[in-house]
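Q: Below is a structure I'd like to ask you about.
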Amino acid sequence: MKQFICIMCPKGCHLTVDEDNEYQVSGYSCSKGVKYGKAEATNPIRVVTSTVVVKDGESRRCSVKTADGIPKHAVKDAMKIIDTVCLQAPVAIGDVAVENLLDTGIDVVVTSSVQAS
């Protein structure tokens, strides 16, 4: 049995996932809890948010995030790559900072614009 607190809505339901019984989920108050509990028990993913360096811009950094969740076990390796990124201003929301991060098929995208200085 694994236990999680669901983060899919503000209720924060306390979920129990029975790995020995086809990942049956209990403790949820909506169907989102079932989906979240099964995913956390079988293949947890996380959206990674961070900042990267911007050269020649009004600001020296801009915010970025993965366009979707990546496997939880890959977050540290993802951050090692994100920490090496240096973009040239101007950058716009939606620009791709890293393509296909760790061969996951997920891009790292810019979430704040920086104009050239």
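Q: Do we have K72 as surrounded by 15 or more Cβ atoms within 10 Å (Cβ to Cβ), under 19 Å from M8 (Cβ atoms) and of a type outside the set (G, A, S) here?
A: In short, no.
Q: Report the residue count in the range 16-59 for those that are without any contact (Cβ under 8 Å) to a residue 24 or more places away in the chain, closer than 20 Å to P71 by Cβ and not small (G, A, S).
A: 5
Q: Answer with yes or no whether T66 is surrounded by 12 or more Cβ atoms within 10 Å (Cβ to Cβ) and modelled with pLDDT of 95 or more.
A: Judged against the criteria, T66 is a match.
Q: With in a loop (DSSP other than H, G, I, E, B) and either free of Cβ contacts under 8 Å to residues at least 12 places away in the same chain or charged (D, E, K, R) (or both) as the only criterion, which of D77, D68 stands out?
A: Just a single option satisfies the conditions, and that option is D68.
Yes/no matrix, rows are residues, columns are (1) within 30 Å of Q3 (Cβ to Cβ); (2) in contact with a Phe, Trp or Tyr (Cβ under 9 Å, 6 or more places away or on another chain):
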| position | (1), (2) |
| --- | --- |
| V17 | yes, yes |
| V25 | yes, yes |
| V34 | yes, yes |
| N43 | yes, no |
| E58 | no, no |
| I70 | yes, no |
| V85 | no, no |
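Q: Can you spot a residue in the range 13-25 that is within 30 Å of N100 (Cβ to Cβ) and outside any strand (DSSP E or B)?
A: Within the range 13-25, one or more residues are within 30 Å of N100 (Cβ to Cβ) and outside any strand (DSSP E or B).
Q: Looking only at the range 58-70, decide whether some residue is acidic (D, E) and touching a Ser or Thr at 6+ places or on another chain (Cβ under 8 Å).
A: yes
Q: Is it true that I82 is surrounded by 17 or more Cβ atoms within 10 Å (Cβ to Cβ), hydrophobic (A, V, I, L, M, F, W, C) and outside the structural domain of I7 (by TED's automatic domain parsing)?
A: So I82 passes the test.
The values are calculated or read from the model by the stated rules, or taken from the named source; none is laboratory data. Keep in mind it's a predicted model, so treat the numbers as computed, not measured. Here Cβ is always computed from backbone atoms with ideal geometry, including for glycine, and neighbour counts include all displayed protein chains.
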